[in-house]
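Asker: Following this message is one structure expressed as structure tokens.
Bear in mind these aren't lab numbers, they're just calculated from the coordinates by the rules spelled out. Just so you know, these numbers come straight off a predicted model, no measurement behind them. Cβ: placed from backbone, ideal geometry, glycine included. Neighbour counts: every protein chain shown.
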Amino acid sequence: MRIGVLTSGGDCAGLNAVILAVVRRAVLGYGWDVVGIRQGTHGLMQDPPQA
């Protein structure tokens, strides 16, 4: 399975830690692939998504 991670705004406290935890759990816990989505929701809506 492949999942995407995106944020749609500026930095906030704890954001890097949350992203790291999501990636670790997905990769180490489930064996999933994780991709970052560029340009927030705009990048997600592109065809193909901006990953």
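Asker: Given (1) 21, 20, 18, 15, 12, 7, 5, 2; (2) 25, 48, 26, 0; (3) 25, 57, 16, 1, which label gives P(r) over Cα pairs in 10 Å bins from 0, in percent as computed from the coordinates?
Answerer: Computing P(r) over Cα pairs in 10 Å bins from 0, in percent and matching it to (1) 21, 20, 18, 15, 12, 7, 5, 2; (2) 25, 48, 26, 0; (3) 25, 57, 16, 1 gives (2).
Asker: All other residues with a Cβ under 12 Å from the Cβ of Tyr30 taken together, and with Lys, Arg as +1 and Asp, Glu as -1, what is their net charge? Before the final figure, lay out each step's value.
Answerer: Numbers: positive: Arg2, Arg24, Arg25; negative: Asp33.
The answer is +2.
Asker: Another question, if that's okay. Contact order normalised by length for region 2-45, with contacts defined as Cα pairs under 8 Å and 6 or more residues apart; what percent is it? Mind dumping the intermediate values first?
Answerer: Working: 37 pairs, mean separation 25.1, N = 44.
Computed value for region 2-45: 57 percent relative contact order.
Asker: Using just the helices of the chain, give the 222 nm mean residue ellipticity in deg cm²/dmol: DSSP H runs with n ≥ 4 each add -39,500 (n - 2.57), and the total is spread over all residues, rounded to 500. Don't jump to the answer; show the numbers that get you there.
Answerer: Values: 2 runs with 16 residues, N = 51.
Computed ellipticity for the chain at 222 nm equals -8500 deg cm²/dmol.
Asker: Okay, moving on. Kindly rank 4-15, 36-47 from highest to lowest mean number of other beta carbons found within 10 Å of each residue.
Answerer: Numbers: 4-15: 10.6, 36-47: 12.6.
Peptide ranking by packing, descending: 36-47, 4-15.
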